[in-house]
Each structure stands twice: as C-alpha cells, then as structure tokens.
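Worksheet for the structure shown next.
The values are calculated or read from the model by the stated rules, or taken from the named source; none is laboratory data. The model shown is predicted, which means the values in this text are computed figures rather than measured ones. Glycine gets a Cβ as well: all are built from the backbone with ideal geometry, and neighbour counts include every protein chain shown.
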Amino acid sequence: MASKPQYRLGDVDFNGIIDGRDATAVLTEYARISTGKPAEFVGNTALAADVNKDNMIDAADATHILTYYAISSTRDDITSDDYFALHQPLRG
C-alpha cells in the first residue's frame with residue numbers, strides 16, 4: 001500500500017489552507033527561478049507547488065492554485081485533489 005504524501009498539492013506554506021498566499025509564493029518562486037536565482041522550494045514544498053505535475057514550478061501552477069482558491073471560496077463540491085487532477089498532463 002502506498003503511503004500518503006507528506007504534503008497537499010497547492011498548500012506550499014503547509015498551513016492547511018490553499019489560498020492566495022500559496023499562489024503568491026509559487027509566483028515568487030517562479031520569478032526567482034526565471035531570473036537565474038537558485039530555487040528555494042525543495043522537497044515537499046516543490047512537490048506541493050507543482051500542482052499540474054509538469055515538473056516545473058511556474059505561473060501555470062500559481063494560476064491553478066488561485067483559481068482553486070476562488071472556486072473553493074464559493075463552492076464546496078470539489079476537493080483540491082480533484083481540481084488539480086483535472087489540470088495534470090495525460091499519462092500515456
């Protein structure tokens with residue numbers, strides 16, 4: 001049986017809430033990497049940030065996090081796992 005991950009997709013500050021702060025942190029990390037600075041997200045933080053699982057932390061991840069936050073603020077019929085699964089590359 002696979003063990004449960006020690007992170008939640010989108011919750012990069014590990015406070016149990018996926019919100020605009022997480023999206024901002026991801027966008028800041030993307031800007032850091034894009035300007036040639038070393039990544040600060042490592043391990044579970046990097047895994048939590050790459051919500052679309054394309055092996056890059058970028059603006060697309062921040063957008064997905066912010067969109068999920070907006071949706072979850074007005075609806076309770078979709079989980080973060082379900083939302084982010086809809087935005088991952090198809091596996092062949």
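Suppose the filter is among the acidic types (Asp, Glu), surrounded by 15 or more Cβ atoms within 10 Å (Cβ to Cβ) and closer than 18 Å to Lys4 by Cα; does Asp50 pass it?
Values: among the acidic types (Asp, Glu): yes; surrounded by 15 or more Cβ atoms within 10 Å (Cβ to Cβ): yes; closer than 18 Å to Lys4 by Cα: yes.
Yes, satisfied.
Kindly establish whether Ile78 is assigned to a loop (DSSP other than H, G, I, E, B) and at pLDDT below 95. Let's see the steps before the verdict.
Details: assigned to a loop (DSSP other than H, G, I, E, B): yes; at pLDDT below 95: yes.
Considered against the rule, which asks whether it is assigned to a loop (DSSP other than H, G, I, E, B) and at pLDDT below 95, Ile78 comes out as yes.
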Completion exercise
Per the filter on the stretch 27-49, residues in contact (Cβ under 8 Å) with a residue 12 or more places away in the chain and under 13 Å from Leu9 (Cα atoms) are Asn44, Thr45, Leu47, Ala48, Ala49
Exercise for the section: Give me a count of the residues in the stretch 1-24 that are of a type in the set (Lys, Arg), surrounded by 13 or more Cβ atoms within 10 Å (Cβ to Cβ) and part of a loop (DSSP other than H, G, I, E, B). Expected result: 1
Practice task
Restrict the check to the stretch 33-44 and report whether at least one residue is in a helix (DSSP H, G or I), loosely packed, with under 10 Cβ neighbours inside 10 Å, more than 10 Å from the chain's Cα centre (by Cα) and at pLDDT 95 or above.
Solution key: yes
